[in-house]
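Undergrad: Here it is, the structure in full.
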Amino acid sequence: MGLDHDEAPVLDALARYHAVDELGFTPPGHKQARGADPRARKVLGDAVFYGDVLASGGLDDRLTRGQILKRAESLMADAVHAEHTFFSTCGSSLSVKAAMLTVTSPHRSLLVGRDAHKSVIAGLILAGVEPVWIEPQWDTERHLAHPPSPAAFDEAFGGNPDADGALVTSPTPYGAAADLAGIAEVCHRYGKPLIVDEAWGAHLPFHQQLPSWAMDAGADVCVTSIHKMGSGLEQGSVFHLQGDLIDPADLASRADLLGTTSPNVLIYAGIDAWRRQMAQNGNALMGRALDLAARTRADIEAIDGIHVNDASDFCGPNLAAQFDPLPVVMDVSALGTTGYWAADWLRSHHHIDAHLFDHRRISAQITHADDEDTTGRLLDALHDLSRHATDLSRAPRVDVPSPADLRMKQTCLPRDAYFSPHIDVPVAQAAGRVAAEMITPYPPGIPAVLPGEELTEPVLRYLSTGVQAGMNLPDAADASLKTIRVVAAG
C-alpha cells in the first residue's frame, strides 16, 4: 500500500499542538511569542514564534513515539524514489559533510571534483581526508568550469584504487549538470559509492525536462537544499540514500555527530510542506516554471549587450552533459562591464537582487514561485541596465587565469595546513608560500585557494584584481586581500 502524500506529518503535528493548547515549561524561552520583544513580533509576525517548538518533548513526546519526523522522511523518500531520507536543519553544508564522513574516514582518500563547494573542503579539513582532485571540464572561451566527466573518475580510480568513493557536484549553480549515470557506473564498477552534492537540484525529480535526478541516475547518496530551488526555509536540507554500499545507520550517526540537538521545527515544516506540494502538483508547477523561463530567456536575449547562456553554450563534448534552464545565466561582457558592477547597479537602481555574479555574468534564478509580474520587473531592469551600459564601462577588469594557471600544487593535506602555525604576509610576497586558509569568491562558493596549496602569481593576481572589481571573499582572514594567511616556515 502506497504512502499518503496528502499527509504532512510535521505540519499536522503543529496544528494538533495548538489545537490542544499545549503548554510548555521548556525551551524556547519566548513561550509561543508571549515573551518575544513586541518589535520583533511586529516585523516577524507571531506565526514564526508559534511554529517554534521543541521537536521532542513538544511537537512529539519525549520518546518520539509519534514518529512524526520519521514519517515525514519516509514520505520524502517515496516522493523522490530514494530508499532512505534524512532531514537537516543545518543546510546542505552539514549534510554533505555527513555524507563524506560516512563514505570515508581520517587518513583515507576520496575522489573529489575540484569545483566542489567550500563545505566539501570543510569536510576534508574536519575529517583529515586526502582529496584526489578530479579536474572539471573547462570552457576556456567562457572561463567556466563544468562537472568532471566519467572518464576522469575512471582514470582517477585506476590510479587510486584505495580511494573510498567519489563526490561530484551536479548541477552547478550555473545550471550545468554532470553525466551522473556514467559516473555512477564507474564508481560501482570499482565497488565504490558515489556522493552527489545536488544542493541546486531539489526540483529535479519532478519534471522530465530537467536534468537527471541523482537517485534515478544511480547515485548512492545525494544532498539537496530545499531552500534553493524549492519552497523550504533557509537551512532546510535533506540527504537521500539508496543501495547497499552505505549503511543507513552510519549515515544517521554521522548526521547526529555534526548536527544540532535543537533542530528548528519551522525548517522541518518547510521541508515537509515542500514534499507534499511537489508530490501533488510538482510536474505542473515545474512545467509552468520551465515555460516562464523559456519566455524570459528569449526576451532577455533580445536586449542589446546581454547574452543568455543556454544548452548550446554549456553542453557538448568536454563540457556539461545536461542543462537546467531555470538559472538564467546572462553574459554581460558585451556591455563592457562585469557581473559585479551589473549586479550592484540592478540592486541600487531597481532593487533587483541577482543570484550569482562573476567577472562577466549575472544569474537570475527562476523557480515555480515566479510569474509574469516578477519576470516583467526583471526585464524592465535589464533593459535599463543595457541603456546605461556606458555608465558601467569603467568597471575594473579581472585578470582570469587559464585553467592550467588556475590550478595550484597541493603540498599537504588541507587539514594539516589549516591547523598549522601560520602567519599573515603581504599578498605581493605570498607566491611560493603554502596557503593556510580557504579563499573563496562568493557566490558561487567554490574556493580558488585551499589550505595546503602552493600559492602562485596568476591566482594571486586573479584574486587581487577580483577584489578591486568587486569580488567578495568572505572566508579570507583579510577580505581586502592586502595580506594572505600562509603556513609559517620551519
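The values are calculated or read from the model by the stated rules, or taken from the named source; none is laboratory data. Quick caveat, the model's predicted, so the values are computed rather than measured. Methodologically, a virtual Cβ is constructed for each residue, glycine included, from the backbone with ideal geometry; neighbour enumeration extends over all protein chains shown. Heavy atoms of the whole protein, side chains included, go into the accessibility calculation; ligands, DNA and RNA do not. Shrake-Rupley method; radii C 1.70, N 1.55, O 1.52, S 1.80 Å.
Undergrad: How do the helices (runs of 4 or more DSSP H) wholly within the stretch 382-490 filter down when requiring 2 or more residues that are free of Cβ contacts under 8 Å to residues at least 24 places away in the same chain: which remain?
TA: none
Undergrad: Here is a further query. Counting only residues that are touching a residue at least 60 places away in the same chain (Cβ under 8 Å) and of a type in the set (Gly, Ala, Ser), give me the helices (runs of 4 or more DSSP H) lying completely in the stretch 20-130 with at least 1 of them.
TA: Once the helices (runs of 4 or more DSSP H) in the stretch 20-130 are filtered for at least 1 residues that are touching a residue at least 60 places away in the same chain (Cβ under 8 Å) and of a type in the set (Gly, Ala, Ser), what remains is 68-79, 91-103, 118-127.
Undergrad: Okay, next question. For the stretch 48-79, what are the residues that are acidic (Asp, Glu) and surrounded by 13 or more Cβ atoms within 10 Å (Cβ to Cβ)?
TA: Asp52, Asp60, Glu73, Asp78
Undergrad: Taking Trp341 as the residue in question, decide whether it is open to solvent by less than 30 Å² (accessible area, probe 1.4 Å) and either farther than 30 Å from Gly123 by Cβ or without any contact (Cβ under 8 Å) to a residue 24 or more places away in the chain (or both).
TA: The answer is no for Trp341.
Undergrad: May I pose another question? In the list Gly123, Gly45, which residue meets the criterion of being farther than 18 Å from Gly201 by Cα, in contact with a helix residue (DSSP H, G or I) (Cβ under 6 Å, 6 or more places away or on another chain) and open to solvent by less than 30 Å² (accessible area, probe 1.4 Å)?
TA: Gly123
Undergrad: Quick one: is Ser231 closer than 17 Å to Ala82 by Cα and either of a type in the set (A, V, I, L, M, F, W, C) or open to solvent by less than 60 Å² (accessible area, probe 1.4 Å) (or both)?
TA: No.
Undergrad: Related question: Within the stretch 151-192, work out how many residues are in a loop (DSSP other than H, G, I, E, B), touching a helix residue (DSSP H, G or I) at 6+ places or on another chain (Cβ under 8 Å) and open to solvent by 10 Å² or more (accessible area, probe 1.4 Å).
TA: Looking only at that region, the number is 5.
Undergrad: Considering each of Pro106, Pro148, Pro131 in turn, give the residue that is in contact with a Gly (Cβ under 6 Å, 6 or more places away or on another chain) and surrounded by 21 or more Cβ atoms within 10 Å (Cβ to Cβ).
TA: After ruling out the rest, the residue left standing is Pro148.
Undergrad: Next up: Can you tell me which residue in the stretch 271-296 is farthest from Met76 (Cα to Cα), limited to those that are open to solvent by less than 10 Å² (accessible area, probe 1.4 Å) and not hydrophobic (A, V, I, L, M, F, W, C)?
TA: In this case the residue turns out to be Thr296.
Undergrad: Does Ala82 satisfy being farther than 17 Å from Leu257 by Cβ, touching a Leu at 6+ places or on another chain (Cβ under 9 Å) and crowded, with 22+ Cβ neighbours inside 10 Å?
TA: Considered against the rule, which asks whether it is farther than 17 Å from Leu257 by Cβ, touching a Leu at 6+ places or on another chain (Cβ under 9 Å) and crowded, with 22+ Cβ neighbours inside 10 Å, Ala82 comes out as yes.
Undergrad: Could you please find all residues in the stretch 223-245 being in a strand (DSSP E or B), over 15 Å from the mean Cα position of the chain (by Cα) and not aliphatic (A, V, I, L, M)?
TA: Across the stretch 223-245, the qualifying residue is only His240.
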